[in-house]
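Input: a single structure, listed below in structure tokens.
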Amino acid sequence: MIVPMKKVTVVTQAKDGLSALNKLRSLGVLHVEHAQVPKGKDILVLIEEISLIDQALSILSGVKIQPQDAPKDQEVADAQFTVRHIIDLYKRKDQLTEYLRSLSIHIKQYEEWGDFDPRDFADLAKNNIFAGIYQIPTKQLRQIPKDVVVNKVSVKGQIANCLIIADKKIDIGFKEIPLPASSLSQMYARRAHDLQAIQHIEEQLVQQLGCRVSLNKIRSSLQKKLEFQEALAGMGQAEELTYVSGYIPFDSLERITYQAKQEQWALLVEAPAEQDNVPVLLRNPAWIAIISPVFKFLEILPGYRELDISLCFLIFFSIFFGMLIGDAGYGLVYFLITFFLHRQAGKNKKNTGSFFLFYILSFCAIIWGACTGTFFGQEWVLKAGYKPLVPSLNDEKTLQRFCFFLGATHLSIAHIWRAILKAPALSLIADLGWACILWSCFFIAKLLILGDNFPFFGNWLLIAGITLVVIFTNPQKNILKGIGSGLGTLALSLMNNFTDVVSYIRLFAVGLAGVAIADAFNAMASSVGNASAVSLILAAFIVLVGHSLGIILGPVGVLVHGVRLNVLEFSGHANVSWSGRNYKPLKE
């Protein structure tokens, strides 16, 4: 559920502002809203320090190393020196890498000329001997004047690399190749030196990996200081008084009221106004809260005045996962991976609650695979004599009907939920009308796509739904005005309801594609034969690669399609725009 909030304002004398803010921070319940834009030297310094640490941590995250070779954690005595050292190392490495790229191009360009010292050309010119290097088509070598010495260094295709020597500066009709800044041997030496320098820098960066934990702690501490400084600079001023406003959960009101009495603060408590941008705190039972990692990953949160669809999201997301993966073997692999990672996390005493979501999702895939007879593919399982728990799910039309039914049910829940919350307002009847329209769209989808008969009562369902939407979308004393508003809403949303129901067929299409790909790899492996050890190894390799691909890409399909049906289709009907922002209280 979305926890109800109270808007509070704490007023103190200006001289007690800092002390009051410290007390509020120790309470840890007030989400501060700045009365003025916080600014000041202290804030800028903290922002810069945090930015530098972020930059250093980002650099360290890109350092490649085997886990067993990682250095032990070490405390950072001087964070500013450490992060600047890391950044300087990275910049130096970046500069050397860029120079090496340019140097390699030069080496490749002049390697075909052999090793020579460019300074020798200048020494010859002082003695009136002029030399240069040219690339000349072999067929045109005869065009060069007779008094010019031509020395072919190498030939590449139809082009000759030539050293031209003359006793005076002349134009031979071909463009001279610019001389390098140094000899080839010097370029080789510089490249070796720079490669060694880069390796040394990489070794130093590896040593700095031990600072990550300490730097993260320092960053968290600086972030808390920044929050406090911003809250202090953002406090409102009124003559000899200062005040801070914000939001607290309704069940924390007693704590802040008690503190206000103890500190002799003036305290204003009021309900948030309609225009207030109230932060959102979700508080659900542990078995529902396991869906929270998905919200965090997607960075979505319902608005304060919107529905918390966590329970509905969890139920249908789990169903969608099972249908989209559609393979008991893949589900078993996900379960084993989750179990292994859970045990590893448990050893490190980390928060392991989110793993239960993946257990549920894995079981859903296993159950759906058992219902359809799919275990690392379907064809071989059915040929082996396994009888699916629900054979009708292997019939394409039946499965498509189920997808449409699932869509109509899912979207109807959104409107019925909205209707319950609107009670006793008459506008709730419009949502019941939309539910009727959704089920009529279900029958229309079956008619148009599957060729099923349209039931007679479906006509009355559609008529009743349209009537209720038109009349009760915006009920007013002026009936005609209300009907006009309802007609506008109907015209904009009627076709969308049909397409939203039909869009659930993606569950059938993606799930079927996954099974088909698994069967295709199984067929490829079986076609290799088993006459020899080599063919067996090749068949095993094909099966391993094919199913590994399916196991990796399966969750991608879930993110694209399973999440979409909840975040777009369902949320659109539930009027959830995901416009919320997190409740972040000022705390130590």
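The values are calculated or read from the model by the stated rules, or taken from the named source; none is laboratory data. Predicted model only: the values in this text are computed from it and were never measured. Neighbour counts run over all protein chains shown; Cβ positions are idealised from the backbone, glycine included.
Structure above, values below:
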quantity: Checklist (1) more than 23 Å from Asn575 (Cβ to Cβ); (2) assigned to a helix (DSSP H, G or I); (3) not acidic (Asp, Glu) applied to Asn453, failing item; calculated: (2)
quantity: Count - residues of the stretch 1-24 that are out of contact with any helix residue (DSSP H, G or I) (no Cβ under 7 Å at 6 or more places or on another chain) and not aliphatic (A, V, I, L, M); calculated: 8
quantity: Those residues of the stretch 294-312 which are under 18 Å from His561 (Cα atoms) and in a loop (DSSP other than H, G, I, E, B), in sequence order; calculated: Glu299, Ile300, Ile309
quantity: Whichever residue in the stretch 490-544 is of a type in the set (Gly, Ala, Ser) and touching an Asp or Glu at 6+ places or on another chain (Cβ under 8 Å) and, among such residues, is surrounded by the fewest Cβ atoms within 10 Å (Cβ to Cβ); calculated: Ala523
quantity: Tally of residues being more than 34 Å from the chain's Cα centre (by Cα) and not basic (Lys, Arg) across the stretch 395-418; calculated: 2
quantity: Selection from the stretch 77-117 of residues that are assigned to a loop (DSSP other than H, G, I, E, B) and either in contact with a Leu (Cβ under 6 Å, 6 or more places away or on another chain) or basic (Lys, Arg) (or both); calculated: Asp115
quantity: Matching entry among Glu230, Glu254, Glu263 (being in contact with a helix residue (DSSP H, G or I) (Cβ under 8 Å, 6 or more places away or on another chain), closer than 27 Å to Pro302 by Cβ and acidic (Asp, Glu)); calculated: Glu230
quantity: Hits in the stretch 28-49 - residues which are in a helix (DSSP H, G or I), surrounded by fewer than 18 Cβ atoms within 10 Å (Cβ to Cβ) and hydrophobic (A, V, I, L, M, F, W, C); calculated: Ile43, Leu44, Val45, Ile47
quantity: Whichever residue in the stretch 192-216 is out of contact with any helix residue (DSSP H, G or I) (no Cβ under 8 Å at 6 or more places or on another chain) and of a type in the set (A, V, I, L, M, F, W, C) and, among such residues, is nearest to Ile107 (Cα to Cα); calculated: Ala192
quantity: Residue match in the stretch 175-183 (condition: over 58 Å from the mean Cα position of the chain (by Cα), touching a residue at least 12 places away in the same chain (Cβ under 8 Å) and not assigned by TED's automatic domain parsing to the domain that holds Ala77); calculated: no
quantity: Residue check, Ile129 surrounded by 11 or more Cβ atoms within 10 Å (Cβ to Cβ) and out of contact with any Asp or Glu (no Cβ under 6 Å at 6 or more places or on another chain); calculated: yes
quantity: Residue among Leu494, Leu512 that alone is in contact (Cβ under 8 Å) with a residue 24 or more places away in the chain and in the same structural domain as Phe443 (by TED's automatic domain parsing); calculated: Leu494
quantity: Residues of the stretch 316-349 satisfying the condition of being more than 23 Å from Gly377 (Cβ to Cβ), surrounded by fewer than 19 Cβ atoms within 10 Å (Cβ to Cβ) and among the hydrophobic types (A, V, I, L, M, F, W, C); calculated: Phe339, Phe340, Leu341, Ala345
quantity: Test for Gln68: is it modelled with pLDDT under 95, over 30 Å from Arg190 (Cα atoms) and surrounded by fewer than 13 Cβ atoms within 10 Å (Cβ to Cβ); calculated: yes
quantity: Among (1) crowded, with 18+ Cβ neighbours inside 10 Å; (2) closer than 30 Å to Asn474 by Cα - the single one Val381 does not satisfy; calculated: (2)
quantity: Condition check for Gln140: of a type outside the set (Gly, Ala, Ser), in contact with an Asp or Glu (Cβ under 8 Å, 6 or more places away or on another chain), part of a helix (DSSP H, G or I) and free of Cβ contacts under 8 Å to residues at least 40 places away in the same chain; calculated: no
quantity: Qualifying residues in the stretch 225-263 (those that are under 24 Å from Pro4 (Cα atoms) and among the aromatic types (Phe, Trp, Tyr)) - the one surrounded by the most Cβ atoms within 10 Å (Cβ to Cβ); calculated: Tyr247
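So that you can scan it fast, the table gives a plain yes or no per residue for (1) in contact (Cβ under 8 Å) with a residue 24 or more places away in the chain; (2) surrounded by 12 or more Cβ atoms within 10 Å (Cβ to Cβ); (3) over 30 Å from Lys169 (Cα atoms); (4) hydrophobic (A, V, I, L, M, F, W, C):
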| position | (1), (2), (3), (4) |
| --- | --- |
| Ile53 | yes, yes, yes, yes |
| Lys108 | no, no, no, no |
| Phe121 | yes, yes, no, yes |
| Ile133 | yes, yes, no, yes |
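Yes/no per residue for (1) of a type in the set (A, V, I, L, M); (2) under 30 Å from Asn22 (Cα atoms); (3) in a strand (DSSP E or B):
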site: Tyr134; (1), (2), (3): no, no, yes
site: Val150; (1), (2), (3): yes, no, yes
site: Ala160; (1), (2), (3): yes, no, yes
site: Gly173; (1), (2), (3): no, no, no
site: Met187; (1), (2), (3): yes, no, no
site: Glu203; (1), (2), (3): no, no, no
site: Arg212; (1), (2), (3): no, yes, no
site: Leu215; (1), (2), (3): yes, yes, no
site: Lys224; (1), (2), (3): no, yes, no
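Residues are listed down the side, and each one gets a yes or a no for (1) within 22 Å of Ile420 (Cα to Cα); (2) of a type outside the set (S, T, N, Q); (3) more than 38 Å from the chain's Cα centre (by Cα):
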| residue | (1), (2), (3) |
| --- | --- |
| Ala231 | no, yes, no |
| Gln237 | no, no, yes |
| Glu254 | no, yes, yes |
| Val269 | no, yes, yes |
| Val278 | no, yes, no |
| Ile288 | yes, yes, no |
| Ile300 | no, yes, no |
| Leu307 | yes, yes, no |
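Residues are listed down the side, and each one gets a yes or a no for (1) modelled with pLDDT of 95 or more; (2) outside the structural domain of Phe454 (by TED's automatic domain parsing); (3) out of contact with any Gly (no Cβ under 7 Å at 6 or more places or on another chain); (4) buried (at least 18 other Cβ atoms within 10 Å of the Cβ):
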{"site": "Phe376", "(1), (2), (3), (4)": "no, yes, no, yes"}
{"site": "Val390", "(1), (2), (3), (4)": "no, yes, yes, no"}
{"site": "Phe405", "(1), (2), (3), (4)": "yes, no, yes, no"}
{"site": "Leu411", "(1), (2), (3), (4)": "yes, no, yes, yes"}
